Amino acid sequence: MLKLALQSLWARRLTAGLTLLAVAISVTLLLGVERVRSQARDSFANTVSGTDLIVGARSGQVNLLLYSVFRIGNPTNNVGWDSYQAIKARPGIAWTIPFSLGDSHKGFRVLGTNGDYFTHLKYGQQQALVLREGRPFETPFEAVLGAQVAEKLGYHLDQSIVIAHGAGNTSFSQHDNMPFKVVGILAPTGTPIDRTIHVPLAGIEAIHLGWDTGRHSKNVTPEQAMALDLTPKTITAFMVGLSNRILAFQLQRSVNTYPREPLMAILPGAALQELWGLMSVAETALSVIAGFVVVAGLIGMLTTLLAGLNERRRELAILRSLGAGPAHLFLLLALEAMALTTAGIALGVAALYLGQGLASPWLLSHYGLQMSLGLPSAYEWQLLGLVWLAGMVIGLLPAARAYRYSLSEGMSIRV
């Protein structure tokens, strides 16, 4: 019967192919939405690991998380260097990573930091940063590139780069009198680190000499700048690692009530949960839309089977005359629906993996979203199972109609 069902579908391959395509597209969209949703969460969650607190100017905790970890947006204010030093000296703090944002190079964000960044920053499952080439920076005018920066711009060690003021793709304030030399290139991490250029805080201070008085540092040479005190006056934010995580809430409360300036300390995990809460409405809406697309595809399959059933009365009657009983006709139509649903799911999954493989480099370069080509998750298998069961249930409707057809109905000619 299965062979007969497949031959019947082949005889009607145009309509069957269109039905198959509709089911495949709906499955691809359903799984694609779920995969983007789950892997976006994983990608965000893996960006920073082992950091107990992030301290910045007082604002919303989501805003602080976005610009400090994901390089999205800009801070409302800076943190005074004296305040950073005072908090850093508190008992229970194992390490800190200060950083300064606000500059860019050909659309890539520039992060000013110090050597603790390469020592203490972790991502994923407590994975440390690894240099693919070169070494960390040591002097003010050296730079370490993220993997994607080096790949997209074709940069190599000892390359000279010029930093621009501002975070846009185009800037008219180039710090071309103080170029930086590339001394290191990080291994890929699948996080915003790959799209970041890392330079010393002293270098950021040097290229902005005189900006507080409205005068640019165009006439200052790197040698002259290095002879000056390049201790930062302010930073954008800093990360904190504690010797005992029990102290996290105590330190957070202390920073949030800091008397010298309005500061804010956030727990990265709690801020991520708030971010997911803000995005849950959009996630639900996308899932609902994908579900409706699946329903539309299955209804299209039902319509095709029912419409074809009226045209196949004589075919079914001939099968009855050759000895096929009502149960055989019921099984034939059910097997056709099963074949269409199964093939549609298989084609949809294949299209998903093909599209994911083609889109992954683009998603990584533009949005920092790492899409792994792994096997379907348990939840994705459940979705596929529900689609398959729904297709089988829908296939029972035309099968039930075929079961009721009699030999006389099929052989009679209606006027």
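The values are calculated or read from the model by the stated rules, or taken from the named source; none is laboratory data. Note that the coordinates shown come from a computational prediction; the quantities given were computed from them, not determined experimentally. In this analysis, Cβ positions are derived from the backbone assuming ideal geometry, glycine residues included, and neighbour counts consider all displayed protein chains.
Got a sec? Which helices (runs of 4 or more DSSP H) wholly within segment 37-125 have at least 2 residues that are of a type in the set (G, A, S) and under 27 Å from L230 (Cα atoms)?
Where helices (runs of 4 or more DSSP H) fall fully within segment 37-125 and carry at least 2 residues being of a type in the set (G, A, S) and under 27 Å from L230 (Cα atoms), they are 81-88.
So which residues in segment 279-305 are among the hydrophobic types (A, V, I, L, M, F, W, C) and within 16 Å of the chain's Cα centre (by Cα), if there are any at all?
If we filter segment 279-305 for residues that are among the hydrophobic types (A, V, I, L, M, F, W, C), which is where we start, we get 279, 281-282, 285-286, 288-290, 292-296, 298-299, 301-302, 305.
The answer is M279, A282, L286.
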Verdict on R58 being more than 24 Å from the chain's Cα centre (by Cα) and over 30 Å from V349 (Cβ atoms): yes
Those residues of segment 259-282 which are in contact with a Lys or Arg (Cβ under 9 Å, 6 or more places away or on another chain) and crowded, with 17+ Cβ neighbours inside 10 Å, in sequence order: L263, M264, A265, L272
Any hit, segment 224-236, residues being in contact with an Asp or Glu (Cβ under 6 Å, 6 or more places away or on another chain), of a type outside the set (S, T, Y) and at pLDDT 85 or above: yes
Of the criteria (1) touching a strand residue (DSSP E or B) at 6+ places or on another chain (Cβ under 7 Å); (2) surrounded by fewer than 20 Cβ atoms within 10 Å (Cβ to Cβ), which one L286 fails: (1)
Flag for A390 being out of contact with any His (no Cβ under 8 Å at 6 or more places or on another chain), modelled with pLDDT of 80 or more, loosely packed, with under 11 Cβ neighbours inside 10 Å and not assigned by TED's automatic domain parsing to the domain that holds G107: no
